[in-house]
Structures are given as C-alpha cells and as structure tokens.
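S.K.: Pasting a structure here, questions to come.
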Amino acid sequence: MQVRVLGPVRMCAGGDETALEGTKPRALLATLVLGRGSVVPDSRLIALLWGDDAPATVTAQLCTYVSRLRRRLGPGIQLVRRRPGYVLHTGQSPVDLYEFERLAGLGQDAFRAGRYGPAAERLRSALAVWSGPALADVTAFLREAAEPGLNEARMAALECRIDADLALGEHAGVVSELTDLVARYPLRERFRAQLMTALYRSERQGDALAVFHSARRLLDEELGVSPGRSLMLTHQAVLSGELAFRDAASPLALHPVTAAGR
C-alpha cells in the first residue's frame, strides 16, 4: 500500500485508492506519517485534529478514528499504540514524503560533490513525487503547523535543481521557469539571483540588471531592507563579467553558480 501526503492525502493499493472520508481521518494519517516512525503523543494528535476546541469526548473520538484507520491499512503498515500516543510503522510500503526526502538528499549531496548531472536527475525525480499542494485536504490546524516546513523543503530542492541546471549550461532552458517563479515568489531572493545568472548567460545583461533593480525596490518598499548577500554578489558578478558560463567539469564553474544560488 502506498501512502501520499504531498498533495491530497491518500492511500493506494494496486492502483485503487482507499477512501478516507473527512478531514480528521486524513489529518490523523498525515500526522502519523510526519512522525517518521516516532511516537506522536495523543496531545499533539488532538491539537492537530481539533485545535483548542476539543470536545469532552475527544479521547474516545481519537480512539475511534485510530481504529477505523487501522482497519484500512494494508498488511505492510502497522499503527501501534505506544504511550503516550501512537506510532505508524510503514515498513517497505512507499510513502511519498519519505521518497521525496531520500531523493532530494541524494540530489543535494551530488550537487555538493560537483556531480551536476546526477544531482539534476535526482532532484527532478524528488520534485515529481509531489502531486499538488502538501496536505491539501486535512484540518487547518495541521496545515498551519506542517505546510510551511514541507513547502520550504520543496523550494530548497527546486533551487538546488536549478543550480545544477545552470552548472550544466542549461541557462536558456530555465529562463522561462525562473521568470514564473520570481513572479510567484517575489521576495525569494535566490530565484532572482538564479534568473539574473540565466539571463546574463543568455546574453541579456540588461535584463539581468533590471531583475536586480526591481528586487531592490521591492525589498525596500515591502520590508525596508537591502538585497541580501547572494543577490548583491550576483549583481557584482554581472557587472564584472564573472557570471560567464564555464564548463561544469571545471572547478571554476561552481563559483558563479554558488554565488548566484546560495
């Protein structure tokens, strides 16, 4: 049985989905998955399913939800009572969150080792695991607690994949993607630095500088701050010509990519 939380929360077996009706049953499963094999206390489960308005019968209701979930789990997954809470043992059953974290870790390790091709491939595979916004159909309490961290992990994997593409000379191919990302996440400076790098290497120095000046105005107007170190370094590299693409096999290639992306 496969468990999915990076998108709508689902359990699938043999291509068929096992329905979990209601936000609380889905939140229960997702919270246990997020426990990553550790005990999730009753108090946390209650807080993430009911918030501050738990009914007087909350303990009994939690037990009911656990029993119903346990009956739906496949033979390779165990939901065990271990005081002060519950632990989910997924064994060899695929869990999209765990697969994403495994592939993203391998990709980021490969990037740090200068193996840009394998890094890009593994990070693309990691990002493909997502089927939509994480925890799309659970309680608001769980989304508020867990969604930011999951989204940040996804963004970090995406940024690293783009760094790998830039190191491989794929600057023309990422300009459109980065333009969209900057529009969607205007305060995320790393995307802007990567876009500047891609534009400069596509012989669009003026556009690269325009991206920087737009970022500086936005940061000043919205937050009253100046661009961060990576964006400033990228700006200086554009002006000095240091962002010119070099063969990714050369040790010199990593410097401009790192300055633009980190």
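S.K.: Post the alpha-carbon centroid distance, the range 2-81 to the range 144-199, in whole angstrom.
M.R.: Between the Cα centre of the range 2-81 and that of the range 144-199, the gap is 33 Å.
S.K.: Quote the charge dipole size of the range 69-136 about the Cα centre in Debye, to the nearest 20; the model charges only the Cβ of Lys and Arg (+1) and of Asp and Glu (-1). Could the numbers behind the result be given before it?
M.R.: Numbers: 11 positive and 5 negative charges, 93 e Å.
Computed about the Cα centre, the dipole is about 440 debye.
S.K.: Please find, in a Gaussian network model of the chain (springs between Cα atoms separated by less than 10 Å), the residue of Ala128, Ala56, Ala19 whose mean-square fluctuation is greatest.
M.R.: Sorting by GNM fluctuation, first place goes to Ala56.
S.K.: May I pose another question? Divide by every residue of the chain the summed helix terms, -39500 (n - 2.57) for each DSSP H run of at least 4, and state the resulting mean residue ellipticity at 222 nm, rounded to the nearest 500 deg cm²/dmol.
M.R.: Values: 11 runs with 160 residues, N = 262.
Estimated from H runs of four or more residues: -20000 deg cm²/dmol.
S.K.: Taking the Cα centre of the chain as origin and charging only Cβ (+1 Lys, Arg; -1 Asp, Glu), how large is the dipole, in debye to the nearest 20? List each step's numbers first, then the result.
M.R.: Numbers: 32 positive and 29 negative charges, 189 e Å.
With only Lys, Arg, Asp and Glu charged at Cβ, the dipole is about 900 debye.
S.K.: Of Asp220, Asp53, which has the most accessible area with a 1.4 Å probe, and how do the rest follow in descending order? If you can, show how the numbers build up before the last one.
M.R.: On the way: Asp220 95, Asp53 130 Å².
Highest to lowest solvent-accessible surface, that is Asp53, Asp220.
S.K.: Give me, ordered by chain and number, the residues 5 or more places off Thr139 or on other chains with an amide H under 5 Å from its own placed amide H.
M.R.: Sorted by chain and number, the residues that satisfy this are Ala27.
S.K.: Can you check what the net charge comes to around Glu222, using other residues whose Cβ is under 15 Å from the Cβ of Glu222 (Lys, Arg +1; Asp, Glu -1)? Write down the numbers at each step before the final one.
M.R.: Numbers: positive: Arg188, Arg192, Arg216, Arg217; negative: Glu189, Asp220, Glu221.
Overall, the nearby charge balance is +1.
S.K.: Within 12 Å, Cβ to Cβ, of Met232, how many net charges do the neighbouring residues add up to if Lys/Arg are +1 and Asp/Glu are -1?
M.R.: On the way: positive: Arg192, Arg216, Arg229; negative: Glu189.
That sum, taken over residues with Cβ under 12 Å, equals +2.
S.K.: So, with +1 on the Cβ of K and R and -1 on the Cβ of D and E, and no other charges, what is the size of the charge dipole of the range 1-60 about its Cα centre, to the nearest 20 debye?
M.R.: 220 debye
S.K.: Using a 1.4 angstrom probe with every protein chain in place, what is the largest-first accessible-area order of Glu170, Glu203? Please report the intermediate quantities before stating the final value.
M.R.: On the way: Glu170 95, Glu203 170 Å².
The residues order as Glu203, Glu170, largest area first.
S.K.: Taking the mean number of other Cβ atoms within 10 Å as a proxy for protection, how do you rank 24-33, 75-84 from highest to lowest? Please report the intermediate quantities before stating the final value.
M.R.: Values: 24-33: 24.1, 75-84: 12.5.
Packing order, densest peptide first, comes out as 24-33, 75-84.
S.K.: Which listed residue (Thr139, Gln61, Gly7) has the Cα farthest towards the positive end of the charge dipole for the chain, taking +1 on Lys and Arg C-beta and -1 on Asp and Glu C-beta about the Cα centre?
M.R.: Gln61
The values are calculated or read from the model by the stated rules, or taken from the named source; none is laboratory data. All figures in this text were calculated on a predicted structure; none of them were measured in a lab. Positions of Cβ are backbone-derived with ideal geometry, glycine not excepted, and every protein chain shown enters the neighbour counts. Calculation scope for accessible area: heavy atoms of the full protein, side chains included, ligands and nucleic acids excluded. Shrake-Rupley method; radii C 1.70, N 1.55, O 1.52, S 1.80 Å.
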